[in-house]
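FYI, it's all coordinate maths here, none of it is from the lab. Just so we're clear, the structure is a prediction, and the values are computed from it rather than from any experiment. Please note: Cβ atoms are built from the backbone with ideal geometry, for glycine as well, and neighbour counts cover all protein chains shown.
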Amino acid sequence: MSEQAQTARAHWSGRWAFFLVTVGSAVGLGNIWKFPYMTGSNGGSAFVLVYLCCILGIGVPLLMAESMLGRRGQGSPVGSMRVLADEAGASRLWQVIGYIGIVGAFIILSFYSVVAGWVLDYTWQAAEGFKALPKEAFAEAFGALLASPGRLIFWHTVFMAMSALVVLGGVTGGIERANKIMMPALFGILVFLVGYGAVAADLPAAWRFLFHFDPSAINRGVLFAAMGHAFFTLSLGMGAIITYGSYLERDVSIPRTGLAIAGADTLVALLAGLAIFSIVFAQGLEPAAGPGLILQTLPLAFSQMPGGHAVGLLFFVLVVFAAWTSAISLIEPGVSLLSERFGMARRPAVLALCAGVWLLGIAVALSFNDWSGFTLFGLGLFDLLDTLTTKIMMPLAGLLIALFVGWAMKRAHVYDEIRMGSRVFVLWFNVVRYVSPVAIVIIFLNIIGVIG
Ligand code: TRP
C-alpha cells in the first residue's frame, strides 16, 4: 500500500463510534433470531451459562486480537495480514486469513440476506397486523413464504439494496451514521419490549427459563452449539472486525472497547431472550420451536395479546435494524479489498460485490422451493453454505488468527498495540496462544465428526 493510501485511510469519529459500529455488526439475526431459538432448543439456562463462558473465554480474546490486527495492519483483511506478516518476518501465506474472511463474508451475506428478507416480509405483515388464526395457520404461512420464489427474491433484493445504500455512503457518512441512528433505536425498542414483558406478559417465567441454573442439562451438544454461536454472534473470523479495526484510532483502548462490545452484544441477546420468552410463556406456547420461534410462534402471540399490533411491528423493526447493521459489516471487508487491490472507487466496488452476493442469494432463495431437489452431502444450498461458513471457515480463520497473534507476531509488537497492564496482557496472550487454538481444534473435530 502506498504512503498516500495510508494517510488517506478513513477513521471513525471516535471511540464511541467504533463501539457502536462494532456492536452493530455483532448484534444481528444471531442475537434475536438464533440465540433465543438455540436457547429454547438447548435447555434454556444450561445453554446460556455455557454461552457466557464461551464469550468470555474465547470470544473476547479473539475479538481483541482481530481489532488489533486491523489497527496495526491499516488495510483490508488481506492487506493488513500482508503488512503484519512482513513485519513479523513470517510467510505471506498468512494472507489466507484475509481471503477466508472475505469469501466467507460474501457467502454468509448471501443467505443472511435471504433470512433478513423473511424478516422484512414479516415486518410488512406486522404493519398490517397478524390476524388471530389457529396455530397451524402460522406454520402454514411461513411454509407459504418459503415456497414462494417471488416473495423471497423480492425481499432479498430489497434488503441487499438497503445494505448497499449504507455502504455506498462511506465509512463515516454511511456506516457510522446508520449505526448512530439504528443502534440506540434498537436498544430503546428492546428495553420497551422487556418492560412490556414485565407488565403484560410473563417476565418471571422467562427469567427462570434463562437463568435458573440447571447443570444437569449441560451436555456435549450444548457445549459445541454454544461455542459455535459465540463466534457467529461476535462477527469473528470473517474479516469484519479486522476491517472495522483498521479504521480505529491509535488512542482507543482495545481491551476496554472489546469487553464493552462483547458485553453489549450479550446484553442484547439476553434482553431479546427475556422479551421473546415472556411473550411465549404468557401465551402458553412452546419455547423449543426451533428456527420458526420468531416467525411462527411470536406472530401467533402478537395476534392474541393486548397491544399486539404495535408491539409486533416494533419487534420486527428491531430485527430489521439488527440485521441491517450486521449486513453492512459483511460488505465492507470485500469493498476494502477491491479498492486496495484494484484501486476501485467505493461505488463500483460496492455495486460489483453486492451484485455478486445478490446472485448467490437468488440461488439460496430458490433452494427453498424450485431448486430444493439440488443437494450436496444431503444438504440443500442454504444449509450447505451455512455449514461451510459457520462450521468450517469461521473456526478455521479463528484458529489461524490465534496462531498468528500468539506465535508468529513479535510479542513486543502485540504488546505495543494492545497496551494493557502487563499482568492482564500475559493472561490474554496465553489464552490466545494456548486456550483458543486448543478449544477451536476440539470444536472443529467435533463438527467434522471425529469426536462426539
Ligand atoms: N454477528 C452477526 C449476528 O449475530 C452476524 C455477522 C455480521 C457476522 N458480521 C459478521 C458473522 C461477520 C460472522 C462474521 O447476526
Consider only pairs whose beta carbons are under 9 Å apart and that are at least six residues apart or on different chains; among these, list those whose first residue lies in the stretch 325-336 and is more than 9 Å from the ligand (Cβ to nearest atom) and whose second residue is among the basic types (Lys, Arg). 335/346
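Taking the stretch 79-119, which residues are among the aliphatic types (A, V, I, L, M), away from the ligand (no atom under 16 Å from the Cβ) and assigned to a helix (DSSP H, G or I)?
Matches in the stretch 79-119: 81, 83, 84, 85, 88, 93, 96.
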Could you pull out the residue among 160, 238 that is over 16 Å from the mean Cα position of the chain (by Cα) and of a type outside the set (Asp, Glu)? 160
Just checking, does the stretch 394-404 include any residue being assigned to a helix (DSSP H, G or I), surrounded by fewer than 15 Cβ atoms within 10 Å (Cβ to Cβ) and either of a type in the set (Gly, Ala, Ser) or in contact with a strand residue (DSSP E or B) (Cβ under 7 Å, 6 or more places away or on another chain) (or both)? no
List every residue pair whose Cβ atoms sit under 7 Å apart, with the two residues 6 or more apart in sequence or on different chains, where the first one lies in the stretch 55-73 and is within 14 Å of residue 427 (Cβ to Cβ) and the second, anywhere, is aromatic (Phe, Trp, Tyr). 61/428; 64/428
Is it the case that the stretch 22-30 has a residue that's crowded, with 23+ Cβ neighbours inside 10 Å, within 13 Å of the ligand (Cβ to nearest atom) and assigned to a loop (DSSP other than H, G, I, E, B)? yes
Does residue 171 fit the bill of being crowded, with 17+ Cβ neighbours inside 10 Å, more than 30 Å from residue 426 (Cβ to Cβ), of a type in the set (Val, Ile, Thr) and out of contact with any helix residue (DSSP H, G or I) (no Cβ under 7 Å at 6 or more places or on another chain)? yes
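If a residue counts only when it is in contact with a Cys (Cβ under 8 Å, 6 or more places away or on another chain) and in contact (Cβ under 8 Å) with a residue 24 or more places away in the chain, which helices (runs of 4 or more DSSP H) contained entirely in the stretch 151-241 have at least 2 such residues?
Details: elements: 177-200, 203-211, 220-233.
Result: 220-233.
Mind telling me which of the residues 299, 291 ends up being surrounded by fewer than 20 Cβ atoms within 10 Å (Cβ to Cβ), under 30 Å from residue 189 (Cβ atoms) and either more than 17 Å from the chain's Cα centre (by Cα) or within 16 Å of the ligand (Cβ to nearest atom) (or both)? I'd like the intermediate steps shown before the answer.
Values: 299 fails: surrounded by fewer than 20 Cβ atoms within 10 Å (Cβ to Cβ).
The unique qualifying residue is 291.
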